[in-house]
1. Might you check whether a residue that is outside the structural domain of residue 219 (by TED's automatic domain parsing), more than 18 Å from the chain's Cα centre (by Cα) and modelled with pLDDT of 90 or more occurs anywhere in the stretch 113-125?
2. State yes or no: is residue 262 out of contact with any Gly (no Cβ under 9 Å at 6 or more places or on another chain) and either of a type in the set (Gly, Ala, Ser) or in the same structural domain as residue 84 (by TED's automatic domain parsing) (or both)?
3. Given the condition touching a Gly at 6+ places or on another chain (Cβ under 8 Å) and either surrounded by 15 or more Cβ atoms within 10 Å (Cβ to Cβ) or at positive phi (or both), answer yes or no: does some residue in the stretch 274-282 qualify?
4. Can you go through 168, 127 and tell me which one is polar (S, T, N, Q) and surrounded by 19 or more Cβ atoms within 10 Å (Cβ to Cβ)?
5. Taking the residues in the stretch 283-305 that are under 21 Å from the mean Cα position of the chain (by Cα) and in a loop (DSSP other than H, G, I, E, B) as candidates, determine which candidate is surrounded by the most Cβ atoms within 10 Å (Cβ to Cβ).
6. Just give me the residues in the stretch 137-162 being over 16 Å from residue 311 (Cα atoms) and either touching a residue at least 60 places away in the same chain (Cβ under 8 Å) or more than 18 Å from the chain's Cα centre (by Cα) (or both), in sequence order.
7. Is at least one residue of the stretch 196-207 in contact (Cβ under 8 Å) with a residue 60 or more places away in the chain and surrounded by fewer than 21 Cβ atoms within 10 Å (Cβ to Cβ)?
8. So which strands (runs of 3 or more DSSP E) are wholly in the stretch 169-278 and hold at least 1 residues that are of a type in the set (Ser, Thr, Tyr)?
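The values are calculated or read from the model by the stated rules, or taken from the named source; none is laboratory data. No experiment lies behind these values; they were computed from the predicted model shown. Cβ placement follows ideal geometry from the backbone for every residue including glycine, while neighbour counts extend to all protein chains displayed.
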Amino acid sequence: MVTIKEVAKMADVSTATVSRIINNKAGANIDTEKRVREAIKKLEYEPNNIARSLSNRSSNLIALIIPNLNNPYFADLVNIIETSAYNYGYKLYLCNSNDSEENISYFLKNIVDNYIQNVIINSLAITKKDIEYLEKHNVNVITIDRTNLDNQPNSISVDHFEGSFLATKHLVNNCGCEHILFISGEMNEQSSINRFRGYQKAIQKFTKTHTINLLEGDFTYKSGYELALKKLKTENNIQGIICANDAMAIGVINACYELGISIPNSIQIIGYDNCVLSQYSTPSLTTVNQLDPKIGQMIMESIKENKAIQFEYIPELIIRKTTKI
């Protein structure tokens, strides 16, 4: 690996001069700067980003705090943001917190210690005190959807009520379903509550029986599979199932397969997320899309231009093979 000393030797300058030029600081004349940049190019020298951060008290890293990578939604979200970050000249520092207070504390300290100036947060474990800690150290905070924080100056949210309402309306009006089961995520978080309320409103508005049928899962494949397996063994009047995420919906598909229930002839299923995996389930999953690449682009533009961002994404329905229409 080429060192800064080798660059300085070839350019016949001090290492301090090389450092100033790399960090775009004044103090070197045009000829000196030209020699240094030619030496860097010839030796294929790559500056140490951590050292540069310490020198500039800034970093080209953007931190992203998520709860886990077990849920395919978060894996796809990371990919969207990382792709956009790369296109805008940033690198992503991924913080997989498991919604643990101890992990959050560790990552926040690392963010401050490494002069990371921008943090994107999608985690229920982040508190107002954590935000105040970051802001005290001049860290720009952007929250994206899954947080318990109100009135954030920089935030991207999703209209989960509308997304779930849209899915339920489709099953009733377009697919002929009257008895519809809703499998929710944990009902202690706002996104789950809003998705259930959207389903509830559509049931009340469009069905004749107004029957609410709710099971609470935990956003995992296993919970979708186990809840559907138990329910469908004892009830044969369910015509449609809406799940609060794609992972649970794919679990439901597996339960139907095990029970010999034909999809979509006997039962129709809609997921929520539009994660990459939803295209490759068998049959492919009709789902509510909340994973739009433009979200990543909007965040990077906000960071690059140092402008506040307030945006609510309106989900759309992606029709595939788990519904008749």
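1. yes
2. Working: out of contact with any Gly (no Cβ under 9 Å at 6 or more places or on another chain): yes; either of a type in the set (Gly, Ala, Ser) or in the same structural domain as residue 84 (by TED's automatic domain parsing) (or both): yes.
It is true that residue 262 is out of contact with any Gly (no Cβ under 9 Å at 6 or more places or on another chain) and either of a type in the set (Gly, Ala, Ser) or in the same structural domain as residue 84 (by TED's automatic domain parsing) (or both).
3. The answer is yes; a qualifying residue exists.
4. 168
5. 285
6. Passing the criteria: 137, 138, 139, 140.
7. If we filter the stretch 196-207 for residues that are in contact (Cβ under 8 Å) with a residue 60 or more places away in the chain, which is where we start, we get none.
Within the stretch 196-207, none of the residues are in contact (Cβ under 8 Å) with a residue 60 or more places away in the chain and surrounded by fewer than 21 Cβ atoms within 10 Å (Cβ to Cβ).
8. 180-184, 268-273
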